[in-house]
Amino acid sequence: MTHPARLLLLAAPLLAACDASSGINLFTIEDDMELGAQVHAEILADPATYPLLDEAQYPDAYNELYRMRDGVLESEDVQYAQDFEWNVYIIDDDEVLNAFAAPGGYIYVYTGLMRYLEVEDHFVGVLGHEIAHADERHSTQQLTKLYGIGTLLGVILGEDPGLIAEIAAALLSLSFSRADEAEADEDSVYYLCESLWAANGTAGFFEKLTEEGGVEVPEFLSTHPSSESRVEDINALAEELGCDTSLNADADWQAVLSTLP
């Protein structure tokens, strides 16, 4: 039987223009997961660039991360909650204020981002934002625009393994469209609306950036629309949906941070 990816490869010349302009995702869920697994293997092979915390050495840190991840995934609004494995990893670099998502539900957060935040709800909001990018399959769409359908499918099929390192690096500064960013912001509100955390948690992160001023907005959250506009939109949606925006009274963010090296 012909793999669906091979059929898409044959159709790539005809569909590439359509995909680049409309944002239609031509990959299967299985393709997303395969590409994500290959990217993760590259990240594991490059500890100098991606110093991942070993789960065996920091079980408490990962248990805290899984607790928050699982809380987000309880939302019925996560389309692929049961399809992707939703692997979450901590990158040990206090100088980097970043997080990113690889296709197929691979989520990476830097210790720098965790230490920057002062409230668990704000971190969970950012985590929900990244889960949304993976769940809406924005990474595959944007990578297709960067590399083309044929090239990406060649990587998935093992025809160009040398490109994986470049793709992994691209994910660190992948620029999502205004529509993608707005969708991820909105999804984070839906995900957290009935959770233990404030539904507008992502807005809290933007507010901190705005208040401090001079802090460069991380690539993963883009600069468009403005932080002020995104705060307004997130808060407005939470109010429209009647979501609880009070902080999780049981959360102890300092205890979470104490599990990091």
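The values are calculated or read from the model by the stated rules, or taken from the named source; none is laboratory data. Keep in mind that what you see is a predicted model, and the values were worked out from it rather than measured. FYI the Cβ positions are ideal-geometry reconstructions off the backbone, even for glycines, and counts take in every protein chain you see.
Data for the structure
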{"quantity": "Residue within segment 178-195 that is aromatic (Phe, Trp, Tyr), surrounded by 22 or more Cβ atoms within 10 Å (Cβ to Cβ) and either touching a Leu at 6+ places or on another chain (Cβ under 9 Å) or outside any helix (DSSP H, G or I) (or both) present", "calculated": "yes"}
{"quantity": "Answer from LEU97, LEU146 - the residue that is in a loop (DSSP other than H, G, I, E, B) and either surrounded by 23 or more Cβ atoms within 10 Å (Cβ to Cβ) or among the aliphatic types (A, V, I, L, M) (or both)", "calculated": "LEU97"}
{"quantity": "Candidate set from segment 19-58 (those that are in a helix (DSSP H, G or I) and surrounded by fewer than 12 Cβ atoms within 10 Å (Cβ to Cβ)); member that is modelled with the highest pLDDT", "calculated": "LEU44"}
{"quantity": "Residue in segment 61-75 that is outside any strand (DSSP E or B), in contact with a Ser or Thr (Cβ under 6 Å, 6 or more places away or on another chain) and modelled with pLDDT under 95 present", "calculated": "no"}
{"quantity": "Some residue of segment 136-143 being within 18 Å of the chain's Cα centre (by Cα), among the small types (Gly, Ala, Ser), in a helix (DSSP H, G or I) and more than 15 Å from TYR80 (Cα to Cα)", "calculated": "no"}
{"quantity": "Among (1) modelled with pLDDT of 90 or more; (2) touching an Asp or Glu at 6+ places or on another chain (Cβ under 7 Å); (3) part of a helix (DSSP H, G or I) - the single one GLU232 does not satisfy", "calculated": "(2)"}
{"quantity": "Whichever residue in segment 177-194 is charged (D, E, K, R) and over 15 Å from the mean Cα position of the chain (by Cα) and, among such residues, is nearest to GLU232 (Cα to Cα)", "calculated": "ARG178"}
{"quantity": "Index of the failed condition, ARG115 passing every other in (1) surrounded by 21 or more Cβ atoms within 10 Å (Cβ to Cβ); (2) under 22 Å from LEU247 (Cα atoms)", "calculated": "(1)"}
{"quantity": "Scan of segment 93-110 for residues that are more than 16 Å from ARG69 (Cα to Cα), touching a strand residue (DSSP E or B) at 6+ places or on another chain (Cβ under 7 Å) and modelled with pLDDT of 95 or more, ordered by number", "calculated": "ASP93"}
{"quantity": "All positions within segment 74-87 that are closer than 19 Å to ASP121 by Cβ and crowded, with 20+ Cβ neighbours inside 10 Å", "calculated": "VAL78"}
